[in-house]
Amino acid sequence: MSEPNPYADGEYKWGPGQPPGQGGAPGTPGYGYPQGATPPYGHPQGATPPYGYPQAPAYQPTLADGVPLAPAPQQFPPAPAGAAPVLAIGDITVVGDQIITPAGAMPLKGAVWNAMDMSRTEEKIPTVAIVLAIVFALLCLVGLLFLLMKEKTTTGFIQVTVTSGGRHHATMIPATGPDTLHWVMGQVNFARSLSV
């Protein structure tokens, strides 16, 4: 972007422009607050934006090799050697005598488990049934039986929360059907039995 526009006619310079002394009128800045001009109404005399704030540091080009990042902290403490997960509900996992969550490890003994159903099941007549009812209603009244067709859709989530050792974690499990709630409640009841 440091080369001049080959299609410019020399009068009007639009865009980033050239550094002072190159391409534009000598001594004129490219962008920003005009130098030497009187500030407009409402601006303090002699101040340059940003008023009273420290100037932003000059642009630093990015490094070719990138910036080395610190290693990410380990969120989960290591599971006991040879221990297999006993139960997993969303991102909550029970391993041995611990509950492993993104919020950290919690003791299994004395944990309080809760589940809340935030899903809903709707029943509606599908579009195909309405079209078939209209087509066959003209031929015979038996076509109205197509309006008895129903379609069930389940949307929403089931929220599972666990509290133990001063920590709290909640996870949302998508409800794919009416039986999702029964499966989640079975898992939560099993977790409650392990927490006693």
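The values are calculated or read from the model by the stated rules, or taken from the named source; none is laboratory data. Please read all numbers here as calculations on a predicted model, not as lab measurements. Note: ideal-geometry Cβ built from the backbone for every residue, glycine included; neighbour counts use all protein chains shown. Keep in mind that these areas ignore ligands, DNA and RNA; they rest on the heavy atoms of the full protein, side chains included. Shrake-Rupley method; radii C 1.70, N 1.55, O 1.52, S 1.80 Å.
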Report summary line: Scanning segment 159-187 residue by residue, the ones that are in contact (Cβ under 8 Å) with a residue 24 or more places away in the chain, open to solvent by 40 Å² or more (accessible area, probe 1.4 Å) and outside any helix (DSSP H, G or I) total 7
Query - Test for residue 125: is it β-branched (Val, Ile, Thr), at pLDDT 90 or above and over 25 Å from the mean Cα position of the chain (by Cα) - result: yes
Query raised in the report: Considering segment 116-133 alone, what residues qualify as being closer than 13 Å to residue 145 by Cα and either in contact (Cβ under 8 Å) with a residue 40 or more places away in the chain or open to solvent by 70 Å² or more (accessible area, probe 1.4 Å) (or both)?
Result: 128, 130, 131
**Report entry** Matching entry among 190, 146 (being under 20 Å from residue 85 (Cα atoms), open to solvent by 60 Å² or more (accessible area, probe 1.4 Å) and not charged (D, E, K, R))
**Finding:** 190
Requested in this report: Report, ordered by the first and then the second residue, all pairs with beta carbons closer than 9 Å, sequence separation of six or more or different chains, a first member in segment 75-91 that is farther than 21 Å from residue 192 by Cα and among the polar types (S, T, N, Q), and a second member that is assigned to a loop (DSSP other than H, G, I, E, B) and modelled with pLDDT of 75 or more.
Outcome: 75/102; 75/103
